[in-house]
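The structure appears below as structure tokens.
The values are calculated or read from the model by the stated rules, or taken from the named source; none is laboratory data. Every value quoted in this text rests on a predicted model; they were computed, and no experiment measured them. Don't worry about glycine lacking a Cβ; one is built from the backbone with ideal geometry, like all the others, and counts go over all protein chains shown.
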Amino acid sequence: MTPADLTALLPLIILAATPVVVLLVIAFRRSHLLTLILTLLGLLLAFVPLFTARSGGPQNVMPLLVIDGYALFYVGLLVTVAFAAAVLAYPYLKRHTDRREEFYVLLLLATLGAAVLAASNHFASFFLGLEILSVALYVLVAYRREDERSIEGGFKYLVLAATSAAFLLLGMALVYAQQGTMAFDRLVLQPTPNLLLLVGLGLILVGIGFKLALVPFHMWAPDVYEGAPAPAATLIATVSKGSVVAVFLRLFVPADIGSSPTLFWALSAVAIASMFGGNLLALAQNNVKRILAYSSIAHLGYVLVGFLAGGAQAVAASTFYVVTYLAATLAAFGVVGALSNSRRDADAIEDYHGLYWRRPWLAAVLTVALFSLAGIPLTAGFLGKLYVLLASVGAGLWPLAVSLVASSVIGLYYYLRVIVAMFAQPEAEQGVSPTHPLPSVVEGGTLGVLAVLLVGLGVYPTPIIRLIEAMVANLI
Amino acid sequence: MNQILPILVLWLLAGGFLAWLAGRWSKPLARWISLGALILHLGALAWLGVQVAGQQTSWVLDFTWPWIPQLGFGIHLALDGLSYLLLLLVDLLGIVAVACSWKGIQERVGFFHFNLLWILAALTGVFLALDLILFYFFWEAMLVPLYFLIGIWGHKNRRYAALKFFIFTQAGGLLMLLAILGLYFVHEQATGTYTFDYLQLLGTRMSPAVGMWLMLGFFAAFAVKLAAVPVHTWLPDAHTEAPTAGSVIMAGLLLKAGAYGMLRFLVPLFPEAALRFAPVAMVMGGVGIVYGAILTFSQTDLKRLVAYTSISHMGFVLLGIFTWNLLALQGAVMVMLAHGVTTGALFVLVGYLQERMHTRDLQRMGGLWSVAPAMGGVALFLAAASLGLPGLANFVGECLVLLGAYVHHGPIVIVAAVGFILAAVYALWMIQRTFAGPNRHGWRFPDLTGREAAIMALLVAAIVGLGLYPQPALNTAQRALETMQQYAVSAQEMASPVQPSDGGAP
């Protein structure tokens, strides 16, 4: 390891050191606010070297990791998301439980795992990153120990994630047996199918599919989202999925999925099933967290459509879509968390009835977030969808494009249902709902920034698209 | 000078924001702000009209700015005679919508006017945009505020109506989006340049099958907006459940956006496909005229009745557009303007009645003339305008459409002419059931107030003006319509030089 390697790795090193520091500080002095400040400081510090490292060009650190524009972009994105999630978690934890500080340690660990995934260039680092991420998430899902649903969610996530890890490992082993290497960049798909390689890659895709909750590996998502406390669900929906998309693109885009018809058709089927499955299953839900779970299944389907288009445009489209999805999901879960009280999360649709008349700003943020998820113009989600459609139509994938359009029309219905509930006139005699605590300044500020970001990206995304295109050049 | 085009859009957006903020402190202030914003907007338009009068080019103003160059999206706004007329309609009906909500809307006044002005801003954008993505952007952007307008301030069944409206129009819009993207790549394959710019996309070569599919994508969006039969079912619900201002805007402006889309984009971009599709579209128009009129009879809800007349009138527009000769096109534009003003006025009148009677049920009305003679007079006048009485605006438009279409499409014109008779029957029958006859239910309520009378006077003056002296409006639109015809014809010749062009039909 050279000094250059160490400088390149600085963001990851800082991310790894912060949880240790926080853990030590907790051992001596339990202070919620101090822990939060240290966490945010660590995340900020990890963000700074991203700018200096950018000028260096791709830097391979051992065979395991590569620090290039792509990795830096995703690390930056995930660190930002973790930052926002930590800020949003603070008031929630303050209201909820007496074991608050450990949450941040786990959050930092999850972020570290996610960052490793974004920079991984090798099956070993892929698996390591995924496990760091998953172990942190198991605990986070079950964080409200007194709540049965939380425990149930935690167990479900543990069992299924472990199973999916087994699939992943077997797949890696098969690919290794065939290729003789575990580095991503040596992986080349041949037009003539090689059964061992195909099965190996298929198993890896099963593992990734579990993590992204793509149909038919989506069963866990609604229960886990419902059971997990809002900030933990936020992390599963954002940091976890974002980082797995990052490693997925890194692994499969250079391999050129189009050259293997079997994988291509299998992934197309998964994409279509996820889009329709997610959107159709969400229709029958009355729980906002479950709605968001099903909606995120559909959204990962859209990302997959972008990916399947192949080429630079595809990575740019998928990445931009992920950015818009992350911002909207953060905002939506942030509002859910802000509305939750010490007894339960505000996840029933009735909790949102007439919200606009009581908490107009929170309702406005949630409206913007849901409109963005639904893909309505003036919000980021619209341009994200447009970008993905552009890529898929450009590649001539009309069935996928048409499925995307059709399923997002179905999706409109349940987003609008929540919005309609928020804008409904509250009954006169009904007092203040039990689950509407006043949002704190921190929450309000973060959510406000997210809403502005969603609209800003929806009106003028040129800077971020420029950034994404520059980083794509690294990958292809 | 060209920079005024984006300002026309931004002005209304800013006005909406200001009204929202002001509404938190004072309800009247919000109303005055939005009224003031619209009057200034109208003033700017009038000034613009004087400045560009007499210019010989079709596009009098043109504004371009790179928006998201990586994806080939640009901001391209341009003004011609057709957009100018429709912008005038936007401002006129916008002022009417604000004025007629002055007393009726008492809840969340600021947010109401925010939504109202944003719809108008998006419509302004729709009538100016020449970049297809920008057009789609504005096209969809008007849905959300309109959805809120219906969903929050509407009548009893508002949530269902708002949802239905939203999903119908969104589904149509997304099909158009796919077609836009398809056109983008077809154009790239033909010429090697990626662009969404309307003027560059004109005359793109494509195979007949591709052209037909893309044309159908556009047609889906525009037909839903235009409420052409059989995709009209959202209209009666949405128009009936919306607050008066929402109904005025939907009937007066939203339906016109669909017609405008066909005129501006659908036929010029896909002349060949439109020609092959024209018989179907014209039959849809003819069916719409008659079917809308017949359905009008069976209504017992006054507002729903007015809503169904729109379907009938929009049939004429569809017929006129797909006839595609200058006479019929002029007629279609006139019907758009006339219907906008007339139906807007009818909805305002229904709003007055509802505010006073708290019902729209025709069976509980009758004999209202003795109660409110001024209102009755206005109603009779509007009914006469709606049935196409010569000398009033609708007659000019519908007559021109029939004249234009008669040359090549006699049978459809005969069917459409039946619509004229039906219109006379339902319009008079409506008066019969509301204002005429004995006052069996003992209604007592005040006649038109000064504010209400002023709104009506404005609209009645517009109807009479357009009816007696339509020439200025026709002249304004003429060059724009001729240019669009040229686009279509030249593109068609480029695509298939052997095909004879018969008298300007597409």
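Summary table
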item	result
Hits in region B:358-373 (condition: under 14 Å from B:Gly437 (Cβ atoms) and of a type in the set (S, T, N, Q))	B:Gln363, B:Ser370
Unique match (being closer than 15 Å to A:Met219 by Cα and not β-branched (Val, Ile, Thr)) among A:Leu281, A:Leu267, A:Leu263	A:Leu281
Residues (facing chain B (nearest Cβ under 10 Å) and within 21 Å of the chain's Cα centre (by Cα)) located in region A:400-410	A:Leu404, A:Ser408
Lone qualifier among A:Gly337, A:Gly381 - being part of a helix (DSSP H, G or I), closer than 23 Å to A:Lys94 by Cα and in contact with a Leu (Cβ under 7 Å, 6 or more places away or on another chain)	A:Gly337
Qualifying residue in region A:135-145 (condition: basic (Lys, Arg), in a helix (DSSP H, G or I) and buried (at least 16 other Cβ atoms within 10 Å of the Cβ))	no
Residue identified as closer than 22 Å to B:Ala427 by Cβ, in contact with a helix residue (DSSP H, G or I) (Cβ under 7 Å, 6 or more places away or on another chain) and not charged (D, E, K, R) among B:Ala257, B:Ala221, B:Ala251, B:Ala273	B:Ala251
Inter-residue pairs, beta-carbon under 6 Å, first over 24 Å from A:Val388 (Cα atoms) and in region B:58-77, second among the basic types (Lys, Arg) and surrounded by 16 or more Cβ atoms within 10 Å (Cβ to Cβ), 6+ apart	B:Ser58/B:Arg479
3 or more residues of a type in the set (Val, Ile, Thr), under 25 Å from B:Gly450 (Cβ atoms) and at pLDDT 90 or above: qualifying helices (runs of 4 or more DSSP H) within region B:1-114	B:81-100
Among residues of region A:371-385, those that are within 11 Å of chain B (Cβ to nearest Cβ) and within 20 Å of the chain's Cα centre (by Cα), counted	7
Residue in region B:275-331 that is surrounded by the fewest Cβ atoms within 10 Å (Cβ to Cβ), counting only those that are small (Gly, Ala, Ser) and under 24 Å from B:Leu353 (Cα atoms)	B:Ser298
Of residues in region B:431-482 being exposed (fewer than 15 other Cβ atoms within 10 Å of the Cβ) and aromatic (Phe, Trp, Tyr), the one nearest to the chain's Cα centre (by Cα)	B:Tyr469
All positions within region A:457-474 that are in a helix (DSSP H, G or I), touching a residue at least 24 places away in the same chain (Cβ under 8 Å) and within 14 Å of chain B (Cβ to nearest Cβ)	A:Leu457, A:Gly458, A:Val459, A:Ile464, A:Ile465, A:Leu467, A:Ile468, A:Glu469, A:Ala470, A:Met471, A:Val472, A:Ala473
Subset of region B:113-140 [within 12 Å of chain A (Cβ to nearest Cβ) and of a type in the set (Phe, Trp, Tyr)]	B:Phe114, B:Trp118, B:Phe135, B:Tyr136, B:Phe137, B:Phe138, B:Trp139
Region B:92-119, residues that are farther than 21 Å from A:Phe423 by Cβ and buried (at least 23 other Cβ atoms within 10 Å of the Cβ)	B:Leu93, B:Gly94, B:Val96, B:Val98, B:Cys100
Unmet requirement for B:Leu382, which otherwise passes all of (1) at positive phi; (2) part of a helix (DSSP H, G or I)	(1)
Considering residues of region B:336-379 that are in a helix (DSSP H, G or I) and β-branched (Val, Ile, Thr) only, the residue surrounded by the fewest Cβ atoms within 10 Å (Cβ to Cβ)	B:Val371
Helices (runs of 4 or more DSSP H) (entirely within region B:141-225) containing at least 2 residues that are of a type in the set (A, V, I, L, M, F, W, C), at the interface with chain A (Cβ under 10 Å from one of its Cβ atoms) and more than 25 Å from the chain's Cα centre (by Cα)	B:158-191
Any pair with Cβ under 7 angstrom, 6 or more apart, that starts in region A:106-127 at a residue that is in a strand (DSSP E or B) and ends at one that is among the hydrophobic types (A, V, I, L, M, F, W, C)	A:Ser120/A:Leu64; A:Ser120/A:Leu65; A:Ser120/A:Phe126; A:Ser120/A:Val247; A:His122/A:Leu64; A:His122/A:Met182; A:His122/A:Ala183; A:His122/A:Phe184
First in region B:138-155 and over 14 Å from B:Phe112 (Cβ atoms), second anywhere and among the small types (Gly, Ala, Ser) and surrounded by fewer than 24 Cβ atoms within 10 Å (Cβ to Cβ), Cβ under 7 Å, 6 or more apart	B:Trp139/B:Gly173; B:Glu140/B:Gly173
Subset of region A:274-303 (residues that are crowded, with 24+ Cβ neighbours inside 10 Å and over 23 Å from A:Pro231 (Cα atoms))	A:Ser274, A:Met275, A:Asn279, A:Gly301, A:Tyr302, A:Val303
Index of the failed condition, A:Val25 passing every other in (1) in contact (Cβ under 8 Å) with a residue 40 or more places away in the chain; (2) in a helix (DSSP H, G or I)	(1)
Checklist (1) touching a residue at least 40 places away in the same chain (Cβ under 8 Å); (2) in a helix (DSSP H, G or I) applied to A:Ala346, failing item	(2)
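Here is a yes/no grid of residues against (1) under 14 Å from the mean Cα position of the chain (by Cα); (2) modelled with pLDDT of 90 or more; (3) under 25 Å from A:Thr319 (Cα atoms):
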{"site": "A:Ala82", "(1), (2), (3)": "yes, yes, yes"}
{"site": "A:Leu88", "(1), (2), (3)": "no, yes, yes"}
{"site": "A:Glu102", "(1), (2), (3)": "no, no, no"}
{"site": "A:Ala118", "(1), (2), (3)": "yes, yes, yes"}
{"site": "A:Ala124", "(1), (2), (3)": "no, yes, yes"}
{"site": "A:Gly129", "(1), (2), (3)": "no, yes, yes"}
{"site": "A:Ser134", "(1), (2), (3)": "yes, yes, yes"}
